[in-house]
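The values are calculated or read from the model by the stated rules, or taken from the named source; none is laboratory data. The model shown is predicted, which means the values in this text are computed figures rather than measured ones. We place every Cβ from the backbone using ideal geometry, glycine too, and count neighbours over all the protein chains shown.
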Amino acid sequence: MTESVSNFGSPRRVRYQIELPEAKTKALAAWLDELPLANLFHCFDAVEAVLEYFNGETAIPGAARLEMAELLNPKVALLVGQCEGHFMDAALPYHPKAEFYAGVAFRLQYGLGMAYALAAADLKPAQGWFGHGGQQTLKAVHRALQHLGLAQLRVAQQYLSLPMDYWGTWFRLYRHAEAHKLLLSRFDSPGEPDACKTPLGLFKRGLLFYLAGTRHLRQRDMARIYDLLGQWADHAEWRPEASQGWHSAEFMVYLDGDCPPSRSLPGGAPQLRGIYFLYTLGLARVMAELAEEAGTGLSGDRHPIDESVLSSVARNLEGIQKRRADRKVRDRACHCVVGLNKLIAALAPSGSDAAEAAIPVESDPSAKLARRLGLILGRDLDNEDADLRSEITLPRLMRKGGLSRDEIWTARREEEPETAGDRARVEGRIANVGVNDYCIVWPLDQVAEIKVGEVIGVSEPGQPLFIGVIRWLHCGEGRVRFGVERLTLCAEVVELLDQDMQPMARGLLLPPEPGFRGEPELLALPGKTHPGGMVRQRTGEGSRLFRAYTLLKNAASFSRFAMIALQ
């Protein structure tokens with residue numbers, strides 16, 4: 001059988017004609033052995049096509065379907081791993097290439113999860129195994145929850161909504177495990193924490209990840225939170241009845257429906273069968289303790305997650321919502337400048353040194369290795385060949401430089417020259433405003449570098465730029481929607497000085513402002529200054545010196561310091 005695969009997200013790609021195997025275990029094993037692993041795009045199309053074909057075939061017996069899913073499992077893991085480096089921590093809207101890889105990662109994970117779910121539904125547990133059901137049924141349910149949980153992570157990392165049938169499938173897996181008394185049966189799956197060795201543990205992790213509020217997180221932090229919630233999933237209680245008295249950390253799950261978990265309301269649950277309750281207060285307290293450890297530096301390498309990320313997850317799991325002030329519908333055009341470097345260039349006075357000349361900065365080791373990588377790859381190579389050669393070259397550079405793959409690729413991205421579109425202000429629309437925050441939307445085809453936690457400047461017609469931070473993101477309906485928390489109504493470009501009092505970089509000075517801060521603060525790129533570092537503000541009458549004395553916030557895209565004036 002031959003099947004063509006759609007060219008999603010990458011106009012450069014051709015469509016591969018895939019010869020599909022028979023829906024038999026031996027035929028699939030031979031077909032997988034012949035896959036051309038050197039051609040990733042052919043493998044993407046082939047594995048995606050075979051999953052779609054098998055999942056659409058209703059006549060495949062459950063046992064055979066499970067065996068074929070087990071054969072596909074390592075190939076899917078390999079291919080998804082190849083995809084991650086191309087979209088992880090990429091800014092939105094995605095470049096078509098990043099969009100393609102992100103879409104493939106989700107479809108492969110979701111397709112494999114559905115293959116296991118279909119196998120579980122068709123299997124008839126043999127009596128006597130484990131005393132509670134069959135080994136095969138337990139394996140199928142466990143694997144289905146694993147891969148559908150990872151599919152939820154992939155969707156979250158794209159700031160998209162889950163497919164409409166996702167929760168219905170999730171709840172049917174729970175019901176199936178419950179009917180065969182498998183919810184607490186242990187399945188030894190390498191890489192899963194003890195709390196997720198049972199179908200119930202995996203089921204709770206999926207619910208908890210949804211409730212953690214992922215649109216406020218960066219992509220890499222989402223994966224870390226997903227793993228962390230799995231480690232502590234047994235601290236969330238799962239009960240078939242409501243507790244005495246209502247409290248905020250109580251979430252309601254309707255197992256016979258297809259809606260996501262939601263907060264219980266004061267006054268009790270609706271009179272429906274199939275309502276269960278998830279109590280997350282114990283887990284929220286664990287997250288708060290981990291956040292406190294991260295803030296004091298006591299966590300070490302146990303969980304490399306920022307204090308603010310853990311605190312946000314703890315608040316969401318506890319059901320604490322921010323005060324909701326009345327929002328005003330604005331629906332007005334605005335211009336945005338995304339990224340601290342671009343903001344500095346936009347705010348630097350015309351004709352000033354800051355606007356016309358870049359301050360030289362010593363390259364760090366990762367930047368030097370990235371440049372060397374670019375020379376090795378050559379500028380005349382096609383993108384796909386360049387990526388393939390880089391995968392061969394990277395291990396040698398990593399061994400020599402002592403740097404990780406992420407550090408090298410990050411430096412390589414940062415060194416790519418900006419285009420005119422990158423430097424231009426991006427036009428969007430302010431949808432609504434609160435006391436100190438804005439909701440902004442714009443089409444997905446706009447040129448921008450949107451990330452959670454990124455610094456952004458926003459101006460309405462005839463108004464100066466105000467400075468804010470992107471706090472949440474959501475994509476859908478052909479547009480990006482994001483929330484901006486305002487930091488200041490005005491800012492000024494300043495010079496960061498080295499120990500010889502020579503300028504080495506630039507930052508933004510946030511002046512004292514009622515309702516925001518009582519003393520001046522500095523925004524700088526991470527690593528460009530430190531507590532004790534000197535800052536010079538040039539004025540029409542000369543200059544003023546400041547000293548950065550306290551690190552208030554160290555985010556992925558900027559560092560924020562309190563400052564004191566020296567003269």
Just give me the residues in segment 510-530 being surrounded by fewer than 20 Cβ atoms within 10 Å (Cβ to Cβ), more than 30 Å from the chain's Cα centre (by Cα) and more than 30 Å from R215 (Cβ to Cβ), in sequence order.
P511, P512, P514, G518, E519
Pairs please, first residue from segment 312-333 and more than 30 Å from G462 (Cα to Cα) and of a type outside the set (D, E, K, R), second anywhere and surrounded by 10 or more Cβ atoms within 10 Å (Cβ to Cβ) and modelled with pLDDT under 85, Cβ atoms under 7 Å, 6+ apart in sequence or on different chains.
L317/A249; G319/S248; G319/A249; G319/R263; I320/S248
I'd like to know if segment 160-174 contains one or more residues that are among the basic types (K, R), in a helix (DSSP H, G or I) and within 22 Å of G191 (Cα to Cα).
no
Only one of these is outside the structural domain of R481 (by TED's automatic domain parsing) and surrounded by fewer than 24 Cβ atoms within 10 Å (Cβ to Cβ): G113, G168. Name it.
G168
Scanning segment 45-83 residue by residue, the ones that are of a type in the set (S, T, Y) and surrounded by 15 or more Cβ atoms within 10 Å (Cβ to Cβ) total 1
Got at least one residue in segment 549-561 being exposed (fewer than 14 other Cβ atoms within 10 Å of the Cβ) and outside any strand (DSSP E or B)?
no
Being more than 17 Å from I344 (Cβ to Cβ), assigned to a loop (DSSP other than H, G, I, E, B) and touching a strand residue (DSSP E or B) at 6+ places or on another chain (Cβ under 8 Å) is the filter here; which residues of segment 501-543 pass it?
M501, F516, E519, H530, P531, G532
Extreme residue, nearest to Q158 (Cα to Cα), among residues of segment 214-249 that are at pLDDT below 90 and hydrophobic (A, V, I, L, M, F, W, C)
A249
Over segment 521-555, the set of residues aliphatic (A, V, I, L, M) and touching an Asp or Glu at 6+ places or on another chain (Cβ under 8 Å) is V535, L552, A555
Taking segment 470-479 as the region of interest, how many residues are assigned to a strand (DSSP E or B) and without any contact (Cβ under 8 Å) to a residue 12 or more places away in the chain?
0
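Residue-wise test of (1) outside any helix (DSSP H, G or I); (2) over 26 Å from H176 (Cβ atoms); (3) β-branched (V, I, T).
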{"site": "F54", "(1), (2), (3)": "no, no, no"}
{"site": "I60", "(1), (2), (3)": "yes, no, yes"}
{"site": "A63", "(1), (2), (3)": "no, no, no"}
{"site": "E67", "(1), (2), (3)": "no, no, no"}
{"site": "V80", "(1), (2), (3)": "no, no, yes"}
{"site": "G103", "(1), (2), (3)": "no, yes, no"}
{"site": "Q109", "(1), (2), (3)": "no, no, no"}
{"site": "L118", "(1), (2), (3)": "no, no, no"}
{"site": "A140", "(1), (2), (3)": "no, no, no"}
Answer yes or no as to whether L160 is touching a helix residue (DSSP H, G or I) at 6+ places or on another chain (Cβ under 9 Å), on the phi < 0 side of the Ramachandran plot, surrounded by fewer than 21 Cβ atoms within 10 Å (Cβ to Cβ) and in contact (Cβ under 8 Å) with a residue 60 or more places away in the chain.
yes
Among the candidates F482, F546, single out the residue that is buried (at least 16 other Cβ atoms within 10 Å of the Cβ), within 30 Å of the chain's Cα centre (by Cα) and not in a loop (DSSP other than H, G, I, E, B).
F482
Single residue of Q446, Q463 found to be part of a loop (DSSP other than H, G, I, E, B) and more than 24 Å from the chain's Cα centre (by Cα):
Q463
With the first residue restricted to segment 274-292 and required to be at pLDDT below 90, and the second required to be in a strand (DSSP E or B), Cβ contacts under 9 Å at 6 or more apart or on different chains are G274/V253; G274/Y254; I275/M252; I275/V253; I275/Y254
Given (1) touching a Gly at 6+ places or on another chain (Cβ under 7 Å); (2) outside any helix (DSSP H, G or I), index of the condition W238 fails:
(1)
